[in-house]
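The values are calculated or read from the model by the stated rules, or taken from the named source; none is laboratory data. In this text, all values refer to a predicted model and were calculated from it rather than measured experimentally. Here the Cβ positions follow ideal geometry from the backbone for every residue, glycine too, while neighbour counts run over all protein chains shown.
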Amino acid sequence: MKKLLFGLIWLVLGCAPDRPAAELPNAGYHQEQFKAYWYAGKAEVTSYRLSQSRYGENREGNAVLIFVTEDFSRNKLVKLDNHEQAGEDKVNVLKMNLTKNFVTGIYPYSLMLSVFTPVDRARYENTMKVTMSSQEWCGQVYKQLMLRGHHQYQLVGHSYFEQEGEQDLLVNDDHLEDELWTLARLDPRLLPQGEFEVLPGLLHARLRHEDLRPMKASGHSDTRGDTLVYTLSYPESGRELVIEMEHAFPHAILAWQETTVENGKEQVTRAVRQKTLMTDYWTKNKNEFLPLRDSLGLSPRNY
């Protein structure tokens, strides 16, 4: 990896989905089924019961997964404000926002991961951007991966912690752990199989204070009744990520589990689905819509 002189691109993203792209994944189901679900002008919002391993103990909390399509700028790597005038700069992506909220003793953690993966996999084979932010009482951390070439990403990071500090690097990799979620929703057959190198997840690297570097891993999918289970294993660290999803379209995420080894002991984080809403949540920002949080099993005070 070599140092770059690029500055950080600050962005403000809107939420509402825009018009569909012409090309869709080469999926086994009919494309009209894909369009009807993902281009209905709503997002899929799912809440999960979270048991997060942190500092050698498990903490109860909540996680939320949001999937929605939107038009993205290929050059600026931000959501387009005027997609009708964007021309060839417009790329339709499936966006995922993952939030995690839990408490360690007296102080809380708030984590967020965003992934932007093009829907048209034949034309755009790389996820275009991944961002991560972490807030807790000690300080804040922000990192982002931005596509800068074929399988090449610019990693920019800002951190309160000295050992992480400021980062501006180039990394080369064919696979990103964080794009497994969006690939699974587009078409589970896109999930990498066998042995390969992958860039570990940004949230995992944050919680473990690890440098991001490609690592050897293996992936495989198993069918268990109506459930498809994808397992990503890292032989070097002993870490394992298991994602459980519906085998049938739209391949909803049912649960996931992450197993790590700390001081010779296994630590397990697990999230299990509670409720799902299909909603244009960006229009539901008045107090009158607070009961919708109850329908997701979230209290008004929780994210």
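In the range 186-223, the residue that is surrounded by the most Cβ atoms within 10 Å (Cβ to Cβ) out of those that are of a type in the set (D, E, K, R) and touching a His at 6+ places or on another chain (Cβ under 9 Å) is 187.
Taking the residues in the range 51-98 that are surrounded by fewer than 21 Cβ atoms within 10 Å (Cβ to Cβ) and β-branched (Val, Ile, Thr) as candidates, determine which candidate is nearest to the chain's Cα centre (by Cα). The qualifying residue nearest to the chain's Cα centre (by Cα) is 66. Just the residues that are at pLDDT below 90, of a type in the set (Phe, Trp, Tyr) and closer than 30 Å to residue 228 by Cα, please, taken from the range 148-189. Answer for the range 148-189, where residues must be at pLDDT below 90, of a type in the set (Phe, Trp, Tyr) and closer than 30 Å to residue 228 by Cα: there is none.
State which residue pairs qualify: first residue within 16 Å of residue 143 (Cα to Cα) and inside the range 96-112, second residue surrounded by fewer than 19 Cβ atoms within 10 Å (Cβ to Cβ) and modelled with pLDDT under 95 in any location, beta carbons under 6 Å apart, and separation of 6 or more residues or different chains. Pairs that qualify, where the first residue is within 16 Å of residue 143 (Cα to Cα) and the partner is surrounded by fewer than 19 Cβ atoms within 10 Å (Cβ to Cβ) and modelled with pLDDT under 95, are 99/303. The set of residues in the range 73-91 being of a type outside the set (A, V, I, L, M) and either modelled with pLDDT of 95 or more or part of a loop (DSSP other than H, G, I, E, B) (or both) consists of 74, 75, 76, 81, 82.
Taken as a whole, the range 138-150 holds at least one residue that is in contact (Cβ under 8 Å) with a residue 60 or more places away in the chain and either outside any strand (DSSP E or B) or touching a His at 6+ places or on another chain (Cβ under 8 Å) (or both). For the range 250-281, a residue qualifies if it is under 27 Å from residue 299 (Cα atoms) and small (Gly, Ala, Ser), and the qualifying residues are 252, 255, 271. Against the numbered list (1) within 27 Å of residue 69 (Cβ to Cβ); (2) out of contact with any Cys (no Cβ under 9 Å at 6 or more places or on another chain), residue 280 comes up short only at (2).
Considering only the range 153-226, give the strands (runs of 3 or more DSSP E) lying wholly within it that have at least 3 residues that are in contact (Cβ under 8 Å) with a residue 60 or more places away in the chain, among the hydrophobic types (A, V, I, L, M, F, W, C) and on the phi < 0 side of the Ramachandran plot. Quick ask: steps written out before the conclusion?
Numbers: elements: 167-172, 194-198, 215-224.
Strands (runs of 3 or more DSSP E) meeting the threshold: 167-172.
Among the residues of the range 31-69, those that are touching a strand residue (DSSP E or B) at 6+ places or on another chain (Cβ under 8 Å), farther than 16 Å from residue 109 by Cβ and of a type in the set (A, V, I, L, M) comprise 40, 43, 45, 65, 66, 68. Total residues in the range 71-108 satisfying the condition of being more than 23 Å from residue 204 (Cβ to Cβ) and touching a Gly at 6+ places or on another chain (Cβ under 8 Å): the figure is 2.
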